Amino acid sequence: MKRLFGNTGGLKANQIRRLEKLYRRRIPPEFVITFELAKEISSLSGEIRRQIGLLINRAGKITCVIVGNHSKIVIPDISEYRIAPGRLRGLRCLHTHLNNEPLTNDDLTDLALLRLDLMGVITAEVDNRSPKIYLSHILPNQTQEHPYRRLPPLNANELNIGCLDLIKALENELAYVRELQSAGKGKERALLVSVTRDPGHIARNALAELEELAISSGIEAVGIMFQHRRSIDSRFLMGRGKLEELALTALARGATLIIFDQELNPSQIRSITDQIDIKIIDRTMLILDIFAQRARSKEGKLQVELAQLKYLLPRLVAKNTAMSRLTGGIGGRGPGETKLEINRRRVRDRIGRLEKSLILVRKQRGQRRSKRNKRGLPIISIVGYTNAGKSTLLNTLTKSHELVENRLFATLDPSNRRLRFPRDIEVIITDTVGFIKDLPKDLVVAFRATLEELESANLLLHVIDISNPRFMDQIQSVEKILSDLNLQDISVIRVLNKMDLVDRDTIGHLSKRLDGIPVSATAAPTLIPLIEQMQNRITGMTYPADHV
């Protein structure tokens, strides 16, 4: 097994032998390093004018020696040393600095990103002066700006710091803090990230909606990070420096999850998770997770699973913790890459079976629509942005009791109710799944059987939450989806909901500007003008012979 890393070119044979002999050195558990060893690598580092690093495990054994250049060392792959929540890596890194400088920002970043037990710097020996040791460790109680603590420099007689006890105490405190963060909640803690070319106000609105999605999924948002870039990095989405800042911020906030507002391709997920030892998901994956939680009917569960698997398949390239939220293990937990092709085949087979099942669902829905059409009942469908108040409006209009919650995507499964107008006209009114900006294409495809219900509608009620500061963007998103579904020719009434949360002047202005009817879906008296308009539209329509 290779134990000497870095460029040894230009070194003399006796210098390489001295480096190789370091493997046989042992450090007592209570010492961070022995004075003799610190003096030896300090002297050798000064002689070759290169930094020298040691990785030391908790048994005090040196696992590898790293030869750097004048200004830095490069820590090799240490992924074989697995870490768990509330635990550190099980390795400490000590390396020399040639100019007597203490720990650098790069040192502290490596400490935090790699979750090392300790990071230490040994000053190179100059003029026979004894080297000094500068140490830092991760800060378990993350209430300060930085997720690490610098210790005072150690002299030759101060190296017995009870090293193993210190590391175990840090891990105990890390585990305790983690338990406190999740006690009684069972919630993930997410840092929300947006990397975009869009103007700042658009990005902030998108992040606000991402936070609402996270809350709807039962995730606690512990912070946001935004980066505006002229060009998006194809590998990491953001710049390297920003990626390191993201990792440090996530650690400082105690985040267990990072959610990107932009959709990540498979290589980006892999590249970012290689750099950050925290679960990574994107906006699409979050929406799929919400749908998976909300689906109640057999049909809804089939549609959600199909969308999940279609999204997962191209990303099923290696073991990746990002996948575990979606699949319960396929590609995320389990035996690993040796089973990769088996997992891919299973996913493809399952997709085939789900698509066949949904073809049957479409046929059954088509038969039900034909029966409704033969009864000659006009159909009114309620559409709108998620959480605009569609289910509340349905309940108030029909005096029914569909589930109503103040969160995104509370309704997934469509529901149908009969409504009788004062003129003794009866209609069927349907509630549909809420729309959202950039609705994942796999969800649109999977929910095609449900969305086809809208094709039979004679009238659409577009419910708009005018109390939401982003309602204009939401209107555009809904109308774009209706256009993509070729439903733009169906008659539409704009319902300006939550008028009770907006002042009178604004309501009057919006009613004219949007040509809509203001209502409060929770207050039946405010719906009278809407009911009259619905009745007028329906009675003024003529239906094809095969529809009535």
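Scanning the stretch 436-462 for residues that are buried (at least 22 other Cβ atoms within 10 Å of the Cβ), modelled with pLDDT of 85 or more and not in a loop (DSSP other than H, G, I, E, B) yields LEU460, LEU461, HIS462. A single entry from LEU530, LEU514, LEU460 fulfils the requirement of being assigned by TED's automatic domain parsing to the domain that holds SER391, touching a residue at least 24 places away in the same chain (Cβ under 8 Å), farther than 25 Å from GLU212 by Cα and in contact with a Lys or Arg (Cβ under 6 Å, 6 or more places away or on another chain): LEU514. Take LYS2 and decide whether it is assigned to a helix (DSSP H, G or I) and either assigned by TED's automatic domain parsing to the domain that holds THR123 or at pLDDT below 90 (or both). Here the answer is no, as LYS2 does not meet what is asked. The number of residues in the stretch 272-317 that are within 27 Å of ALA250 (Cα to Cα), polar (S, T, N, Q) and surrounded by fewer than 23 Cβ atoms within 10 Å (Cβ to Cβ) comes to 4.
On the given criteria, is ILE41 surrounded by 15 or more Cβ atoms within 10 Å (Cβ to Cβ), among the hydrophobic types (A, V, I, L, M, F, W, C) and in a strand (DSSP E or B)? Answer is no for this residue.
Inclusion of ALA545 among residues that are at pLDDT below 95 and not assigned by TED's automatic domain parsing to the domain that holds LEU393 is warranted.
Per the conditions (1) in a helix (DSSP H, G or I); (2) within 19 Å of SER136 (Cβ to Cβ); (3) at pLDDT 90 or above, the sole criterion not satisfied by ASP106 is (3).
Can you spot a residue in the stretch 372-391 that is in a strand (DSSP E or B), modelled with pLDDT of 70 or more and among the small types (Gly, Ala, Ser)? There is at least one residue in the stretch 372-391 that is in a strand (DSSP E or B), modelled with pLDDT of 70 or more and among the small types (Gly, Ala, Ser). Residue count for the stretch 35-63 under the criterion of being under 23 Å from LEU88 (Cβ atoms) and either more than 44 Å from the chain's Cα centre (by Cα) or without any contact (Cβ under 8 Å) to a residue 40 or more places away in the chain (or both): the result is 7. Residue count for the stretch 44-68 under the criterion of being exposed (fewer than 14 other Cβ atoms within 10 Å of the Cβ) and assigned to a strand (DSSP E or B): the result is 1. When the criteria are applied in full, ALA206 meets the requirement of being buried (at least 19 other Cβ atoms within 10 Å of the Cβ) and touching a strand residue (DSSP E or B) at 6+ places or on another chain (Cβ under 8 Å). Please verify whether the stretch 31-38 includes one or more residues that are modelled with pLDDT of 90 or more, within 20 Å of GLY120 (Cβ to Cβ), in the same structural domain as SER79 (by TED's automatic domain parsing) and in a strand (DSSP E or B). Scanning the stretch 31-38, I find at least one residue that is modelled with pLDDT of 90 or more, within 20 Å of GLY120 (Cβ to Cβ), in the same structural domain as SER79 (by TED's automatic domain parsing) and in a strand (DSSP E or B), so the answer is yes. Residues that are part of a helix (DSSP H, G or I) and more than 30 Å from ASP106 (Cα to Cα) are absent from the stretch 219-227.
Contact map, the stretch 215-242: first residue in contact (Cβ under 8 Å) with a residue 60 or more places away in the chain, second residue of a type in the set (Gly, Ala, Ser) and surrounded by fewer than 16 Cβ atoms within 10 Å (Cβ to Cβ), Cβ cut-off under 9 Å, separation 6 or more or different chains; pairs are GLY218/GLY186. If I filter the stretch 467-474 for residues that are outside the structural domain of LEU207 (by TED's automatic domain parsing), surrounded by 16 or more Cβ atoms within 10 Å (Cβ to Cβ), touching a Phe, Trp or Tyr at 6+ places or on another chain (Cβ under 9 Å) and within 30 Å of LYS298 (Cα to Cα), do I get at least one hit? Within the stretch 467-474 (the criterion being outside the structural domain of LEU207 (by TED's automatic domain parsing), surrounded by 16 or more Cβ atoms within 10 Å (Cβ to Cβ), touching a Phe, Trp or Tyr at 6+ places or on another chain (Cβ under 9 Å) and within 30 Å of LYS298 (Cα to Cα)), the answer is yes, since at least one residue qualifies. Among the residues making up the stretch 245-285, those that are part of a helix (DSSP H, G or I) and closer than 15 Å to ILE138 by Cβ are ALA247, LEU248, THR249, ALA250, LEU251, ALA252.
The values are calculated or read from the model by the stated rules, or taken from the named source; none is laboratory data. Because the structure is a prediction, the values reported are computed rather than measured. Every residue, glycine among them, receives a Cβ derived from its backbone with ideal geometry; neighbour counts consider all protein chains shown.
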